[in-house]
Structures are given as C-alpha cells and as structure tokens.
Amino acid sequence: HPTLPGPAVVVGGGSTAMDAARSALRSGATSVTVLYRRGRAQMRAQVEEIAAAEHEGVVVRTGMVIGEVVGEDGRLTGVRVTEQAPVAGSDAWNEVPGSEAMVAASTVLVAIGEEPDPAILPEGAGIEISAFAGIVADPRTLATGHAGVFAGGDVVSGPKTIIDAVASGRREAG
C-alpha cells in the first residue's frame, strides 16, 4: 500500500475525511491535520469518528479555509490557511483579519462532499428550494415550479448513486 512521507493535510469534516486522516497516519505520515471550514457542530462526521481520529494523533482544526497550496522546487510544502469565525445570530462565517498562517504538508487529501448552491438560481425564478438546499421537483415528471425547467439526480433527492442520477435523467428525457 502507498506510503505518505512527511506531514499530511486532510480537507473536510465528514466520515470520509476522518477515514482519510486515519489512513494517512497508518500510511506513514509524520503528522495529519484535518482542516474544516466551519465549527465542530457543523462537521458531518460522527463525534465518535472525530474522537477516534484524535485519539490516534490526528489534529482537527475547525474554522480554517485554504487560500493557497504552496510548493517549492516542484514539491508541495504546505497550505496557506485563514481562520474563520461565526457571525453572531447568523449561519455565516467571516474571515478573521490577520489570521493567515501556513500548515506544513507534503500531501493534501481533499475529502469534501458536494452540495447544491441555490444562489445560482435567478431571483424570482419560481423554483422551490428543499430543506437541504436542493431543488423541489415533481417526483414523477421532474418538473420544477418554473415552466420548462426540470431537475433530477442528487440536487433533488440528496446524495445517491450515479445510477439513480442517470435513471432520473432518462426518465426526464423520456
């Protein structure tokens, strides 16, 4: 199996990120740091998974955003990060001025999920957004509330398999 020399950074806060971090340690990384953009309460990994990773020596740093991957002589040397803090009374997080720092890394593992971004929809499009920020569509016809606009796959159902997404596309096109 592969060996990871030097320090490793894992980007993400879910189960996959915790698995990647623990695997990086077992693969020889001298240190493993998990960087997550929000707080612990927003991490999708189970509390037990995070605790197990930390018990093995993984360092979990929350409120961290990667601004740049840095290298020297064609080799990765680290990532430039900026701290973020929650905005009182809101779900937003803002950059902490003067908090830019470097985290050493010879390996970066990206373990972030993808999620819908309803901000791309034009104002007043008449397309309803679901609780998880996906699009609401008729389960049979896949029509949205806007005439001629259809939606299918993960943006409607939440994360599923590629087979489910293709099936909904075929159903919509049929």
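When the residues of the stretch 21-37 are filtered to those that are under 28 Å from Asn94 (Cβ atoms) and open to solvent by less than 50 Å² (accessible area, probe 1.4 Å), which remaining residue is farthest from the chain's Cα centre (by Cα)?
In this case the residue turns out to be Val32.
Quick test of your reading of the structure: Gly28 fulfils all but one of (1) part of a helix (DSSP H, G or I); (2) on the phi > 0 side of the Ramachandran plot. Name the failing condition by number.
Single failed check for Gly28: (1).
Take the stretch 40-74 and flag every residue that is open to solvent by 70 Å² or more (accessible area, probe 1.4 Å) and on the phi > 0 side of the Ramachandran plot.
Once the filter is applied, which keeps residues that are open to solvent by 70 Å² or more (accessible area, probe 1.4 Å) and on the phi > 0 side of the Ramachandran plot, the stretch 40-74 yields Asp73, Gly74.
Could you tell me which of the residues Thr144, Thr161 is among the polar types (S, T, N, Q), modelled with pLDDT under 90 and open to solvent by 50 Å² or more (accessible area, probe 1.4 Å)?
Checking each option against the conditions leaves just Thr161.
In this structure, is Gly13 closer than 14 Å to Leu109 by Cβ, without any contact (Cβ under 8 Å) to a residue 40 or more places away in the chain, open to solvent by less than 90 Å² (accessible area, probe 1.4 Å) and part of a loop (DSSP other than H, G, I, E, B)?
no
If a residue has to be under 19 Å from Gly13 (Cβ atoms) and part of a strand (DSSP E or B) to count, how many in the stretch 70-100 make the cut?
10
Output the qualifying pairs, or none if there are none: Cβ atoms under 8 angstrom, residues six or more apart or on different chains, first residue in the stretch 57-72 and without any contact (Cβ under 8 Å) to a residue 24 or more places away in the chain, second residue in a loop (DSSP other than H, G, I, E, B) and among the small types (Gly, Ala, Ser).
Once the first residue is without any contact (Cβ under 8 Å) to a residue 24 or more places away in the chain and sits in the stretch 57-72, no partner that is in a loop (DSSP other than H, G, I, E, B) and among the small types (Gly, Ala, Ser) comes close enough.
Of the residues Val81, Val87, Val69, Val60, only one is under 27 Å from Gly6 (Cβ atoms) and at pLDDT below 95; which?
None of the others qualify; the one that does is Val69.
The values are calculated or read from the model by the stated rules, or taken from the named source; none is laboratory data. Bear in mind that the values here come from a model prediction, so they are computed numbers and not experimental data. Please note: Cβ atoms are built from the backbone with ideal geometry, for glycine as well, and neighbour counts cover all protein chains shown. Note: accessible area is taken over every heavy atom of the protein model, side chains too, but ligands, DNA and RNA are not part of it. Shrake-Rupley method; radii C 1.70, N 1.55, O 1.52, S 1.80 Å.
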